[in-house]
Every structure is written in C-alpha cells, then in structure tokens.
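A.B. asks: Below you will find the structure I want to go over with you.
The values are calculated or read from the model by the stated rules, or taken from the named source; none is laboratory data. Note that the coordinates shown come from a computational prediction; the quantities given were computed from them, not determined experimentally. Note: ideal-geometry Cβ built from the backbone for every residue, glycine included; neighbour counts use all protein chains shown. The protein model used for the area step is the full one, side chains on, heavy atoms only, and it has no ligands, DNA or RNA in it. Shrake-Rupley method; radii C 1.70, N 1.55, O 1.52, S 1.80 Å.
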Amino acid sequence: MHGLTVRDVLQLPIMKEAQCLTQAGFQNPVEWASIVETAGKNFVRKNECVLTLGIAFQHDEQKCLDFTKDVIASGAAALVIATGLYVQTIPNSLIAFCERHHFPLITIPWYVRFADVSHAISVALNEKEKKIVQSSDKVRKKLLDFVLNGEGFQAIASYVEQSLQLPTIVTDRRGVIVTTSALSPSFADRWNAHLLRYGDPLYYVEEQKNTASPPLHHMNMHWIAREQSTLLQLTIQSAREVLGFLVIEWPHPKQEQGGIEEETFTLLEHALTSLALCFLHDKTAKETELRLKDDFVWNLAQGKYHSHKEAITRAKSFGYRLNIPYLCIVATIENGETVYEQQQRKYFSFDDWLDQWSKTLEQEVYLAGRTLHMQTMSTFQHHQLIIFLEVMANNPMESAYPFIELFQYRLHQKNPHLLLSWGIAKTCEKYAFHTSYEEATAALESGRRHHHAGFIHTYEDTQLDRALLALLENDELKKMTEVLLAPLLKYSVERKINLIHTFQVYSHHNCNVSKTARALNLHRQSLSYRLRKIESLTGLKLDHADDLFLMELAIRLHSFQHANKYPSSSPT
C-alpha cells in the first residue's frame with residue numbers, strides 16, 4: 001500500500017477542476033498541505049503540497065519564478081496556484097522551469113476554497129495511513145500464522161517471494177541455505193558460488209557496524225553487486241545475536257533507500273521478525289534436545305539406568321546405538337580462565353564463555369567421530385568433557401588415539417591457545433559405561449599427579465596409583481607413615497631444607513651419591529650430611545634394603561595422599 005501521491009491528490013473530488021500544467025512528478029509523496037503566500041527558508045516542509053493565491057507575485061513573472069524556486073528547493077511535493085483572482089495566467093517560462101525540474105505545477109480556480117482542499121488532503125492522508133496500517137497488520141498476521149502453524153522458513157520465504165516476484169532464500173548465520181527459491185532454483189547455486197568467492201556473510205554485518213555512514217534503513221541491509229543482478233542481504237537477528245539472513249535477488253542495479261517502496265520495507269520488516277521467531281524456536285528445540293542428550297549420557301556415565309532395556313529405549317530416541325563397544329574418554333580444559341581473560345570482551349562472563357565452548361567441544365566430538373566413521377556420545381559436566389567412543393573391542397587404543405589427535409587438530413584451528421588433558425579408560429565392554437567412565441576419570445586424576453597440563457594418560461598407566469590407593473586403606477600403614485615422616489617434615493619447615501625431596505632424588509638415581517649430588521647441585525659432603533640427618537630423624541639405615549624399601553613406601557604413600565594438581569619442582 002503506497003502513501004498519498006500527487007496523482008492521488010489530483011483524483012480527489014475537490015480537485016476535479018484542477019489542471020496539471022507539467023507531465024512529471026505525479027509519484028511525489030504528499031505528507032501535508034499548507035497555504036503559503038511568501039516562500040522562504042523553513043516556510044515549506046519536504047513533501048508538502050503548497051497552495052497559493054499568488055498575492056506576493058501576482059503579475060510579476062520574476063517574483064513568481066523566484067517563489068517557485070524556493071518551493072522546489074524546500075522539497076515540496078507540488079505547487080497549486082489559484083487562478084482568476086490575483087493570478088490570471090501562468091507564464092510559459094514558469095511551466096518550462098517546472099518541467100525541467102520534473103515538478104508538478106497545478107492550477108485551480110480561485111473560487112475553490114483552500115480550506116476545503118487542505119481538509120480533503122488531510123482526510124485522504126488519514127485514509128491512506130489507515131489502509132497502510134491495515135495492510136501492515138494483515139501481512140504481520142499472515143506471517144505470524146506461518147510461525148504458529150509450524151510452516152516456518154519455507155512458507156515465509158515463499159510469501160516474500162510471491163509478494164515481490166523476486167527470487168528469495170533464507171540462510172543461517174554462516175550463509176548455509178535454509179530454504180530454496182521456487183522462482184529461480186539456480187539462485188541457490190549462485191549464492192553458494194558467491195559464498196565460495198567472498199566468504200562469511202557475517203563480515204558484512206561487522207563491516208556495517210564499523211562504518212561511519214548511516215545504514216539504508218533501520219533494518220540491517222547490505223547490497224551486493226553482481227554482474228547480472230544485485231543481491232539484497234537483510235540480517236535476521238535477536239537482541240543478542242545474528243541468527244541468519246534473508247537474501248533477495250534484485251534484477252536491476254543497486255537502489256538507494258528511496259527506490260524501495262514503503263510497502264516493501266514493511267513486508268521485509270515483518271518477514272525478518274517472523275524469521276527470527278523461527279530461528280529462535282528451532283534454537284530452543286535444539287537446545288532442549290541437546291540438554292536431554294547430555295542428561296542421558298551423564299546418566300549412563302553415572303550408572304543410573306537400572307536395566308539395559310531402559311537405556312536402549314531411551315538411546316533410540318536420540319539416535320544412539322548402545323549394542324556396540326564404547327570406550328570412555330574424559331578431557332578437561334586446563335587453562336580456561338587464562339583464555340577467557342584474553343577473549344572476555346566477547347562474552348558476558350566466564351560461565352558464558354564456558355557454556356559456549358562446551359557446546360563447541362561437543363560439536364567437535366561429533367564431527368571428529370563422523371570423519372572417522374565412529375559413533376560418539378558426549379556430554380560436558382562439572383568442567384569435564386565426557387566422551388563415549390565406538391571402538392574395536394580387541395584394540396580400543398587404535399581408535400582412541402587417532403580420535404584425540406583429530407579432535408585436537410580441529411580444536412587448534414578454532415582456538416590454538418586452548419589446552420586439554422585427557423584420561424582414557426581400559427574397559428570397552430558392551431553396556432559397561434559406568435565402569436569405563438570411572439576408569440577414565442581415574443586416569444585423568446592420575447595423569448595430573450605425574451604430568452604437566454596437556455597430557456594423555458590411560459587407565460593402564462595407573463597401576464602404581466591404584467596399588468598405593470589400596471594401601472592407604474590400611475589405617476595402621478597410614479599411621480606408620482605419618483610417624484616415620486613427621487620428623488622430616490618438621491625439619492624441612494624449620495630449616496627450609498626438603499629432606500623428602502632429597503631422598504626422592506637419591507632413590508631415583510639408585511642411591512648413587514655422585515649422580516644425586518649433581519642433580520641437586522650439592523657437594524658430596526653436603527648431600528652426605530642430609531642423608532645422615534634422614535637416618536638420625538627416622539631411625540632407618542639407608543644402606544639397609546628393608547629400611548630403604550620402608551622409606552620409599554612411606555614417601556610414596558605420603559606424596560600420593562598429598563599430591564598437588566600437577567607435579568612441580570620442590571626446593572632442594
């Protein structure tokens with residue numbers, strides 16, 4: 001529905017005796033009517049229909065021309081001159097001037113009251129505005145019905161396409177096509193070729209945000225010039241993020257804002273709102289499905305399903321197969337807070353950063369598994385990425401390591417600073433999800449005692465840790481360890497000399513005094529003094545095999561029980 005134009009004004013009953021002396025400007029929009037006898041700066045508004053009796057210029061042709069020049073310069077829609085009272089005839093020079101400027105010059109008999117003309121234009125403007133609002137509301141309701149009825153993207157795109165008779169597609173935020181064009185099936189190929197050549201469509205959104213010039217309209221619009229046509233890319237967005245794009249193929253060169261009718265703008269505005277609702281609906285549905293999948297995998301890891309049948313039934317609804325061997329792999333982000341500090345301007349908080357990256361990690365698990373033709377199930381819980389990976393039962397590590405290598409490679413492309421540590425289970429029997437998860441967790445924790453961040457540690461590597469853990473269950477052995485090492489710990493605090501670390505290095509070098517002294521950067525005499533001090537404080541003889549074993553066991557149990565997150569160099 002167009003706004004009121006000069007042509008509409010000429011068709012009003014009150015204007016039946018009017019005569020337009022020029023042949024241009026009939027489509028000029030009319031937003032108001034005013035009676036002006038002396039034109040000047042700010043006397044006339046843009047798109048105003050100016051009515052005059054000609055009192056100021058009457059028979060003076062030059063004054064008449066100057067008056068008209070001022071009216072045209074003000075951006076008026078048309079000039080209506082009453083003839084027969086003050087002005088008898090319109091000079092040919094004035095008609096020619098208006099013709100050259102494509103400006104409507106209209107005459108009306110002096111006895112037609114300007115008050116009646118102004119009132120008629122006002123009524124027509126109100127009627128047009130009412131019809132525009134009704135038309136806009138009709139379009140809005142129609143598009144909203146598509147959303148509520150679940151017809152979604154294709155129905156909205158088709159409605160826009162049919163209304164404009166221009167090829168139309170909808171894409172996601174990366175330019176991947178969501179709908180196709182009925183008017184031009186090859187439009188999809190042309191769009192994909194454009195993406196291949198020019199890349200991410202989000203670039204235009206960022207470019208427009210950073211440009212100093214104002215946008216074409218309150219909608220985010222970007223014109224893309226092509227050889228045979230022009231693409232109009234409109235951004236579909238919510239309050240927080242870009243969701244996708246509505247792309248329309250224009251058959252003619254780029255138009256400025258004035259070249260697109262208000263009716264079209266209204267249609268596009270409502271279409272963008274409806275498409276945003278579709279994207280948000282799909283996003284909510286996907287997030288709900290992902291959350292249910294996460295809960296399912298987490299329940300598997302915790303062993304909460306009481307029967308295989310219950311788990312299998314639940315798995316089928318998510319497209320998972322449980323009747324194949326899975327190996328559990330657990331990973332944790334080691335430097336999350338550091339990476340967040342480097343990127344925090346893009347996120348609301350660390351929790352927001354972690355939430356976004358947990359989704360990215362799970363997506364990369366799926367993509368890596370798909371590349372290697374392996375079924376995967378994953379969830380992110382308590383800062384841990386938990387993965388169940390389809391493996392060959394006879395040699396699961398041949399599946400685990402290539403998967404981790406590919407995952408790490410893909411992750412490095414997205415964020416080269418992110419550092420993950422890994423724990424790999426041993427058990428990969430059918431339905432042994434809880435056992436496999438516990439083994440992977442144990443491997444991860446064991447790796448933290450023996451390696452620096454970024455390690456890959458398997459459950460088979462945890463034999464010593466598991467043995468020490470079993471020994472710590474013995475209360476008598478724990479008490480003996482505390483009594484034996486208490487004097488050494490006290491001495492270390494008082495004298496700032498770590499005798500336990502001294503013994504660990506001594507034991508590591510097979511009790512070789514020379515090698516131990518070099519490792520600790522000590523004189524042999526100083527090392528000998530320390531070793532004698534250990535003997536005097538503990539009552540053990542380090543050259544006696546049984547005492548040496550007892551000392552070694554006590555220190556290993558103590559170190560295991562009080563282990564830091566990662567091993568570090570102790571003071572000597």
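A.B. asks: Would you say ALA563 is at pLDDT below 85 and either touching a His at 6+ places or on another chain (Cβ under 7 Å) or outside any helix (DSSP H, G or I) (or both)?
C.D. replies: For ALA563, the condition - at pLDDT below 85 and either touching a His at 6+ places or on another chain (Cβ under 7 Å) or outside any helix (DSSP H, G or I) (or both) - is met.
A.B. asks: Let me ask something else. Count, please, the residues in the stretch 21-40 that happen to be crowded, with 19+ Cβ neighbours inside 10 Å and in a strand (DSSP E or B).
C.D. replies: Restricting attention to the stretch 21-40, the residues satisfying the condition of being crowded, with 19+ Cβ neighbours inside 10 Å are 22, 25, 28, 30, 33, 36, 39.
Retained after the next criterion (residues that are in a strand (DSSP E or B)): 33.
Final tally of qualifying residues: 1.
A.B. asks: Next question. Scanning for something loosely packed, with under 14 Cβ neighbours inside 10 Å, at pLDDT below 55 and at negative phi, does the stretch 217-231 turn up at least one residue?
C.D. replies: So far as the stretch 217-231 goes, yes, one or more of its residues are loosely packed, with under 14 Cβ neighbours inside 10 Å, at pLDDT below 55 and at negative phi.
A.B. asks: Something else: From ALA425, ALA400, ALA467, ALA442, grab the single residue that is open to solvent by 30 Å² or more (accessible area, probe 1.4 Å), among the hydrophobic types (A, V, I, L, M, F, W, C) and either modelled with pLDDT of 90 or more or out of contact with any helix residue (DSSP H, G or I) (no Cβ under 8 Å at 6 or more places or on another chain) (or both). Break it down into steps so the answer makes sense when it comes.
C.D. replies: Details: ALA425 fails: open to solvent by 30 Å² or more (accessible area, probe 1.4 Å); ALA400 fails: open to solvent by 30 Å² or more (accessible area, probe 1.4 Å); ALA442 fails: either modelled with pLDDT of 90 or more or out of contact with any helix residue (DSSP H, G or I) (no Cβ under 8 Å at 6 or more places or on another chain) (or both).
After applying the criteria, what remains is ALA467.
A.B. asks: Looking only at the stretch 146-177, count every residue that is acidic (Asp, Glu) and closer than 21 Å to LYS283 by Cβ and tell me the total.
C.D. replies: Residues that pass the stated criteria total 2.
A.B. asks: Test of understanding: among VAL160, VAL176, VAL139, VAL133, which residue is among the β-branched types (Val, Ile, Thr), open to solvent by 80 Å² or more (accessible area, probe 1.4 Å) and closer than 17 Å to THR266 by Cβ?
C.D. replies: Numbers: VAL160 fails: open to solvent by 80 Å² or more (accessible area, probe 1.4 Å); VAL176 fails: closer than 17 Å to THR266 by Cβ; VAL139 fails: open to solvent by 80 Å² or more (accessible area, probe 1.4 Å).
Just one listed residue meets the conditions, VAL133.
A.B. asks: Okay, moving on. Which of the numbered conditions does ILE236 fail, given that it passes all the others? Conditions: (1) modelled with pLDDT of 90 or more; (2) open to solvent by 10 Å² or more (accessible area, probe 1.4 Å); (3) in a strand (DSSP E or B); (4) not hydroxyl-bearing (Ser, Thr, Tyr).
C.D. replies: (2)
A.B. asks: Given (1) under 18 Å from GLY539 (Cα atoms); (2) open to solvent by 40 Å² or more (accessible area, probe 1.4 Å); (3) free of Cβ contacts under 8 Å to residues at least 12 places away in the same chain, identify the lone condition not met by SER492.
C.D. replies: SER492 satisfies every listed condition except (2).
A.B. asks: In the stretch 362-376, what residues are of a type outside the set (Val, Ile, Thr) and either modelled with pLDDT of 95 or more or open to solvent by 20 Å² or more (accessible area, probe 1.4 Å) (or both)? Before you say what the answer is, go through the steps one by one.
C.D. replies: In the first step, residues of the stretch 362-376 are kept if they are of a type outside the set (Val, Ile, Thr); the result is 362-364, 366-370, 372-375.
Hits for the stretch 362-376 are GLU362, GLN363, TYR366, LEU367, ARG370, LEU372, HIS373, MET374, GLN375.
A.B. asks: Out of all the residues in the stretch 41-57, which are in a loop (DSSP other than H, G, I, E, B) and either touching a Gly at 6+ places or on another chain (Cβ under 9 Å) or of a type in the set (D, E, K, R) (or both)?
C.D. replies: Within the stretch 41-57, LYS41, VAL44, ARG45, LYS46, ASN47 qualify.
A.B. asks: Between residues in the stretch 161-174 that are modelled with pLDDT under 90 and residues that are part of a loop (DSSP other than H, G, I, E, B) and buried (at least 22 other Cβ atoms within 10 Å of the Cβ), which pairs lie under 9 Å by C-beta distance while being six or more apart or on different chains?
C.D. replies: ARG173/PRO201; ARG174/PRO201
A.B. asks: Looking at the stretch 62-105, which of its residues are over 14 Å from GLN23 (Cβ atoms), open to solvent by less than 20 Å² (accessible area, probe 1.4 Å) and not small (Gly, Ala, Ser)?
C.D. replies: Answer for the stretch 62-105, where residues must be over 14 Å from GLN23 (Cβ atoms), open to solvent by less than 20 Å² (accessible area, probe 1.4 Å) and not small (Gly, Ala, Ser): CYS64, PHE67, THR68, VAL71, LEU79, VAL80, ILE81, VAL87, LEU94.
A.B. asks: Among the residues of the stretch 107-129, are any surrounded by 20 or more Cβ atoms within 10 Å (Cβ to Cβ), at pLDDT 90 or above and either over 20 Å from GLN11 (Cβ atoms) or of a type outside the set (Val, Ile, Thr) (or both)?
C.D. replies: No, the stretch 107-129 has no match at all.
A.B. asks: Which residue pairs have Cβ atoms closer than 7 Å, lie 6 or more positions apart in sequence or on different chains, and pair a first residue in the stretch 371-388 that is on the phi < 0 side of the Ramachandran plot with a second residue that is aromatic (Phe, Trp, Tyr) and part of a loop (DSSP other than H, G, I, E, B)?
C.D. replies: From the stretch 371-388, the pairs are MET377/TYR320.
A.B. asks: Could you grab me the full set of residues in the stretch 351-361 that are open to solvent by 50 Å² or more (accessible area, probe 1.4 Å) and free of Cβ contacts under 8 Å to residues at least 60 places away in the same chain? Spell out how you get there, then give the answer.
C.D. replies: Initially, the stretch 351-361 is screened for residues open to solvent by 50 Å² or more (accessible area, probe 1.4 Å), giving 351, 355-356, 359.
Those that are open to solvent by 50 Å² or more (accessible area, probe 1.4 Å) and free of Cβ contacts under 8 Å to residues at least 60 places away in the same chain: ASP351, ASP355, GLN356.
A.B. asks: Could I ask something else about it? Please list, ordered by first then second residue, the pairs with beta carbon atoms under 6 Å, 6 or more apart or interchain, first in the stretch 58-73 and farther than 17 Å from ARG100 by Cβ and assigned to a helix (DSSP H, G or I), second modelled with pLDDT under 90 and open to solvent by less than 30 Å² (accessible area, probe 1.4 Å).
C.D. replies: Going by the 6 Å Cβ cut-off, the qualifying pairs are LYS63/PHE57.
A.B. asks: When both residues are 6+ apart or on different chains and their Cβ atoms are under 7 Å apart, which pairs have a first residue that lies in the stretch 274-288 and is touching a residue at least 12 places away in the same chain (Cβ under 8 Å), and a second that is open to solvent by 70 Å² or more (accessible area, probe 1.4 Å) and hydrophobic (A, V, I, L, M, F, W, C)?
C.D. replies: Taking only residues 6 or more apart or on different chains, not a single pair turns up.
A.B. asks: Turning to a different aspect of this structure: Please verify whether the stretch 352-371 includes one or more residues that are over 23 Å from SER421 (Cα atoms) and among the aromatic types (Phe, Trp, Tyr). Even if it seems obvious, please write down each step before you answer.
C.D. replies: We begin by selecting, within the stretch 352-371, every residue over 23 Å from SER421 (Cα atoms); these are none.
No, the stretch 352-371 contains no residue that is over 23 Å from SER421 (Cα atoms) and among the aromatic types (Phe, Trp, Tyr).
A.B. asks: Residues in the stretch 513-535 that are open to solvent by 80 Å² or more (accessible area, probe 1.4 Å) and part of a helix (DSSP H, G or I): how many? Step through it out loud before you land on a result.
C.D. replies: Step one: of the stretch 513-535, the residues open to solvent by 80 Å² or more (accessible area, probe 1.4 Å) are 515, 518, 521, 523-525, 529, 532.
Keeping just the survivors that are part of a helix (DSSP H, G or I) gives 515, 518, 524-525, 529, 532.
Within the stretch 513-535, residues that are open to solvent by 80 Å² or more (accessible area, probe 1.4 Å) and part of a helix (DSSP H, G or I) number 6.
A.B. asks: Right, another one. Please work out if GLN165 is polar (S, T, N, Q), within 22 Å of GLU262 (Cβ to Cβ) and open to solvent by 30 Å² or more (accessible area, probe 1.4 Å). Write out each step before concluding.
C.D. replies: Details: polar (S, T, N, Q): yes; within 22 Å of GLU262 (Cβ to Cβ): yes; open to solvent by 30 Å² or more (accessible area, probe 1.4 Å): yes.
Taking the combined requirement at face value, the residue satisfies it.
A.B. asks: A further question on this structure: Is one or more of the residues making up the stretch 114-137 under 18 Å from HIS59 (Cα atoms) and out of contact with any helix residue (DSSP H, G or I) (no Cβ under 8 Å at 6 or more places or on another chain)? Show your work before the answer.
C.D. replies: The initial filter retains those residues of the stretch 114-137 that are under 18 Å from HIS59 (Cα atoms), namely none.
No: the stretch 114-137 contains no residue that is under 18 Å from HIS59 (Cα atoms) and out of contact with any helix residue (DSSP H, G or I) (no Cβ under 8 Å at 6 or more places or on another chain).
A.B. asks: Here is a further query. For the stretch 177-209, which residues satisfy the criterion of being among the hydroxyl-bearing types (Ser, Thr, Tyr) and either at pLDDT 80 or above or out of contact with any strand residue (DSSP E or B) (no Cβ under 6 Å at 6 or more places or on another chain) (or both)?
C.D. replies: Initially, the stretch 177-209 is screened for residues among the hydroxyl-bearing types (Ser, Thr, Tyr), giving 179-181, 184, 186, 198, 203-204.
Of everything in the stretch 177-209, those that are among the hydroxyl-bearing types (Ser, Thr, Tyr) and either at pLDDT 80 or above or out of contact with any strand residue (DSSP E or B) (no Cβ under 6 Å at 6 or more places or on another chain) (or both) turn out to be THR179, THR180, SER181, SER184, SER186, TYR198, TYR203.
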